[in-house]
1. Scanning the range 14-25 for residues that are of a type in the set (Ser, Thr, Tyr) and out of contact with any Leu (no Cβ under 7 Å at 6 or more places or on another chain), which turns out most open to solvent (accessible area, probe 1.4 Å)?
2. Take the conditions in contact (Cβ under 8 Å) with a residue 40 or more places away in the chain, β-branched (Val, Ile, Thr) and open to solvent by less than 60 Å² (accessible area, probe 1.4 Å) and apply them to residue 58. Does it pass?
3. If we keep just the residues of the range 29-40 that are open to solvent by 50 Å² or more (accessible area, probe 1.4 Å) and part of a loop (DSSP other than H, G, I, E, B), which is farthest from residue 52 (Cα to Cα)?
4. Quick one: is residue 45 over 8 Å from the mean Cα position of the chain (by Cα), small (Gly, Ala, Ser) and on the phi < 0 side of the Ramachandran plot?
Amino acid sequence: QGIDYPAAFEKVISVGAVDSQGEKTEESSKGLDIMAPGKQVVSDGLHGTNIVVGGTSIAAPHVLVRLH
């Protein structure tokens, strides 16, 4: 599976998800710029609850980019 837009744009950083063992998850493409935790991640839910989520959308907030 290739990298789709908007991640395919030159000035965009593509983020994939890995599990707790550092293995690429099934929803992540090959050839991404960076990988971050994205499987069974505990997050805030509604009304102060915790939920367990996964995917590349939850991996992306783990990435902090510093531009100089």
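1. Keep residues of the range 14-25 that are of a type in the set (Ser, Thr, Tyr), which gives 14, 20, 25.
Next, from what is left, pick out any that are out of contact with any Leu (no Cβ under 7 Å at 6 or more places or on another chain): 20, 25.
Numbers: 20: 109, 25: 3 Å².
Residue satisfying both the conditions and the ranking: 20.
2. Values: in contact (Cβ under 8 Å) with a residue 40 or more places away in the chain: yes; β-branched (Val, Ile, Thr): yes; open to solvent by less than 60 Å² (accessible area, probe 1.4 Å): yes.
So residue 58 passes the test.
3. The extreme case among them is 31.
4. Working: over 8 Å from the mean Cα position of the chain (by Cα): yes; small (Gly, Ala, Ser): yes; on the phi < 0 side of the Ramachandran plot: yes.
Here the answer is yes, as residue 45 does meet what is asked.
To keep it simple, each residue is scored yes or no on (1) surrounded by 11 or more Cβ atoms within 10 Å (Cβ to Cβ); (2) of a type outside the set (Phe, Trp, Tyr); (3) at pLDDT 95 or above.
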{"position": "1", "(1), (2), (3)": "no, yes, no"}
{"position": "12", "(1), (2), (3)": "yes, yes, no"}
{"position": "27", "(1), (2), (3)": "yes, yes, no"}
{"position": "47", "(1), (2), (3)": "no, yes, yes"}
{"position": "62", "(1), (2), (3)": "yes, yes, no"}
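The values are calculated or read from the model by the stated rules, or taken from the named source; none is laboratory data. Owing to the predicted nature of the structure, the values given are computational and were not obtained by experimental measurement. Neighbour counts run over all protein chains shown; Cβ positions are idealised from the backbone, glycine included. We work out accessible area using only protein heavy atoms, side chains counted, and drop any ligands, DNA or RNA first. Shrake-Rupley method; radii C 1.70, N 1.55, O 1.52, S 1.80 Å.
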